[in-house]
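Read the structure below first, then the notes.
The values are calculated or read from the model by the stated rules, or taken from the named source; none is laboratory data. Predicted model, so just to flag it, every value in this text is computed and none were measured. Don't worry about glycine lacking a Cβ; one is built from the backbone with ideal geometry, like all the others, and counts go over all protein chains shown. The protein model used for the area step is the full one, side chains on, heavy atoms only, and it has no ligands, DNA or RNA in it. Shrake-Rupley method; radii C 1.70, N 1.55, O 1.52, S 1.80 Å.
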Amino acid sequence: MRTTTVFFDLETGGLRDGLDGRAEHPNIQVSAVAVKPGLAPTLPWEEVAWFDARIKFDPAACDPEALTMNGYDAARWAAEAVPEAQAMRSFDGFLDQHSDLRLTSKAGRPYNVARIGGHNVSSFDIPRLRRAMDRAGVRFMRACWWYPVDTYSAAIWHYYAMDGYATPPQNYQL
């Protein structure tokens, strides 16, 4: 089976995660593309579906620089944004549609989840996504969040393994 990977990005109104006791900057958008390995060497990935949801939020609760970086357009958000809970439940449905990674529970029962990935998802996007899913009442997010494909970590390991044979970038941001 050619397992699907759902690469996602959670855009936010800033970097505060709420874990320091201060208010968390709101999530403003979740986007994803589901891909499978291509059938030919010239086509490494085959796009199978995409997802995008703008989320209603209070711009006053955001860092203005973050809104600019994330392409916030007040008119577009007014026309297209949905409540966070609705966006999260819709995204969970998208993950469910691409849940072809078969795992086995500790009790020995098989179940399926979506393989997920993205850039810096391990330390930033996944913890925020999990809190948003909790707020939305999603009891079991249909994603293998504990084994993500993190391109940030992969890039660091790539240059670490090269050990002087390749020049690493000045930073690992997208």
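If we keep just the residues of the range 96-106 that are open to solvent by 50 Å² or more (accessible area, probe 1.4 Å) and outside any strand (DSSP E or B), which is farthest from residue 154 (Cα to Cα)?
Among those that are open to solvent by 50 Å² or more (accessible area, probe 1.4 Å) and outside any strand (DSSP E or B), it is 106.
Being part of a helix (DSSP H, G or I) and out of contact with any helix residue (DSSP H, G or I) (no Cβ under 9 Å at 6 or more places or on another chain) is the filter here, so list the residues in the range 70-95 that pass it.
75, 76, 78, 79, 80, 86, 90, 93, 94, 95
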(request) Residues being in contact (Cβ under 8 Å) with a residue 12 or more places away in the chain, surrounded by fewer than 12 Cβ atoms within 10 Å (Cβ to Cβ) and either hydroxyl-bearing (Ser, Thr, Tyr) or in a strand (DSSP E or B) (or both): count how many of those fall in the range 31-65. (result) 1
(message) Quick test for you: out of 109, 139, 76, pick the one residue that is open to solvent by 80 Å² or more (accessible area, probe 1.4 Å), among the charged types (D, E, K, R) and modelled with pLDDT under 95.
(response) 139
(request) Answer yes or no as to whether residue 67 is touching a Phe, Trp or Tyr at 6+ places or on another chain (Cβ under 9 Å) and modelled with pLDDT of 95 or more. (result) no
(message) I'm trying to understand the selection: among the residues of the range 112-126, which are surrounded by 15 or more Cβ atoms within 10 Å (Cβ to Cβ) and outside any loop (DSSP other than H, G, I, E, B)?
(response) 113, 114, 115, 116, 117, 118, 121, 122, 124, 125, 126
(message) Of everything in the range 66-86, what is among the hydrophobic types (A, V, I, L, M, F, W, C) and in contact (Cβ under 8 Å) with a residue 12 or more places away in the chain? Give them in sequence order.
(response) 66, 67, 74, 77, 81, 82, 85
(request) Hey, can you tell me all the residues within the range 111-125 that are of a type in the set (A, V, I, L, M) and either closer than 13 Å to residue 32 by Cβ or touching a residue at least 40 places away in the same chain (Cβ under 8 Å) (or both)? (result) 114, 116, 121
